[in-house]
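Working notes for the structure below.
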Amino acid sequence: MSLWDRLTGEFIDVIEWTTDDNDTMVYRFERHGNEIKYGAKLTVREGQVAVFINEGQLADVFPPGMYMLETNNMPIMTTLNSWSHGFNSPFKAEVYFVSTKRFVDLKWGTKNPVMVRDPEFGPTRLRAFGTYGIRVADAATFMREIVGTDGQFDTDEIEGQMRNIIVSRFSTAAASSGIPVLDLAANYDQLGEFVENKIAPEMAEYGLQLTKLLVENVSLPPEVEKAMDKRTQMGVLGDLNKYTQFQAAESMRAAAENGGDGGMAGAGMGAGIGMALGNAMGNAMGGMGQATAAPAASAPPPLPTAKWHVALGGQATGPHNDSTMQAMVQDGRLEKETLVWADGMSGWSKAGEVDDLRALFPSAPPPLPD
C-alpha cells in the first residue's frame, strides 16, 4: 500500500460497496489500520446490510440506508466501548458488507446412485440433479457460523456444503416417499417442496434461507433404461401378426431392390425367417399372463432348413432351403445341369442327378402320336 493510500485511509469519510460480481456474498471494506473517521458516512444499498466488527466482536448490523457514524447513531458500539465522551477522534472497526439478495441457479446432484425399493421394478438405483437458490436471512449468524474473518466470501465456498445437505435429504425423501419410479416425473414439484421444507431448519442455523429447490431430472441406470425402451417398443408394435406381415413384405422389397442372382433367394429366406420369428413372438406373447394354462397339444412345425448351395454365374450362392430351390426352378435359374452341393455330398453334382432334387424337375412328356 502506498503512502498516499495510508494517509487517505486514516480519514475515510465514505464507506460503501458496489460491485457487478454476482457470486460475492460478503465483502470486507478495506482501509489502513481499520481506522474510521468520526462522522463518516456509511451507505448501505438495497440488497445489502453492513456488519461492524470491533475488537473481534460483532458490534452492530446496519440495514439499507445512509448513516452518519456518530455516538448517537451507534448505541451498541458506544455501550461496548464506554464512549460516552463522544469519541471525537477516529476509531477502529472492521466493516463487512453482506449481500442479502437471492443467489440462484446453484447446482446440486447425486455423486452416487440412491438405492430405492420400487413397487414395480424392485430394488432400483436412481440419480438426480437440479438447482436451488439461497439468500442471507440473518447476517450476524451468517458471519459467526460461516464467514468468520474471510475478507471476500463467494458462493462457491459454501456451495459444496449446501449440496451435501440437499443430496442427503433428497435421498431420504426419495427412498421413503413410496412413489413409483415411473411416476416421479409427475411429482418433481412436490418432491422439491418436501426437501425444501426439510432443509429449512438446518439452513436457519447458518443464517441462510433456501428460497427454492428444483428437481430437474431423476434417471435410472442405463441397463434399466434400455429394458424400458424395449418394453416401449413392444407396446408400439401392437398386433404382432400384422408386424410379421410387414416385416416379410419389407424383406421381399429389400431383396427386389438389391437384385442379382440371390434376390429371390434372399426374399424367400427373409419371408421364411420373418414368418417364423413372428409366429414365435406371437406364441410367446399369447402365453403371457396364462401361467396356469394347459400346454399346447402339438409342437409348432420346424423352421425350414437351408442346406443347398447353388453355382450361379460362376459363383456359389446359398445356402437355400427347399422352397427357395423350387422357386429357382420355376424362374429358370436352377436347371438339371446346374451344379449344386450340400453337406454330406462328396463334391458338386448336377441338380438333375441328386435324388433329393430330382422331383423338382418335371419329366419331359412323351412325343405326340402321329
Inset, instruction - Starting from the Cα of A204, step 7 Å along the direction of its Cβ; do the same at Q315; then give the gap between the two resulting points in nm. - result: 8.2
Inset, instruction - Note the full-extension length gain between A175 and K107 as 0.36 nm times their separation in residues minus their Cα-Cα distance, in nm to one decimal. - result: 22.3 nm
Legend entry - Sites T24 and A186 - FRET efficiency at Förster radius 51 Å, r taken between beta-carbons, to 0.05: 0.85
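Within 10 Å, count the other beta carbons around each residue, average over each peptide in 111-122, 54-65, 207-218, 322-333, and list them highest first.
Peptide ranking by packing, descending: 207-218, 322-333, 54-65, 111-122.
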Inset, instruction - Compare the Cα positions of P201, S168, A139 along the charge dipole of region 103-221 (+1 at Cβ of Lys, Arg; -1 at Cβ of Asp, Glu; about the Cα centre) and return the one farthest towards the positive end. - result: S168
Inset, instruction - Starting from the Cα of R144, step 7 Å along the direction of its Cβ; do the same at Q57; then give the gap between the two resulting points in nm. - result: 1.4
Inset, instruction - Give, in nm to one decimal, the length gained when the segment between M68 and A359 is fully stretched (0.36 nm per residue of separation minus the Cα-Cα distance). - result: 93.1 nm
Legend entry - Projected label distance in nm at T155 and E335, using a 7 Å step from Cα toward the beta-carbon: 8.4
Legend entry - Protection proxy ranking of 143-151, 127-135, 219-227 - average other beta-carbon atoms within 10 Å, highest first: 127-135, 143-151, 219-227
Inset, instruction - Classify region 317-370 as rounded, prolate or oblate, taking a ≥ b ≥ c as the square roots of the eigenvalues of its Cα gyration tensor: rounded when a/c is under 1.5, otherwise prolate if a/b is larger than b/c and oblate if not. - result: prolate
Inset, instruction - Set the Förster distance to 45 Å, then compute FRET efficiency between K350 and K230 from the Cβ-Cβ distance, nearest 0.05. - result: 0.40
Legend entry - Most to least packed among 349-362, 35-48 [average Cβ atoms within 10 Å]: 35-48, 349-362
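Quick note: the coordinates plus some simple rules give every number you see, no bench work behind them. No experiment lies behind these values; they were computed from the predicted model shown. Every residue, glycine among them, receives a Cβ derived from its backbone with ideal geometry; neighbour counts consider all protein chains shown.
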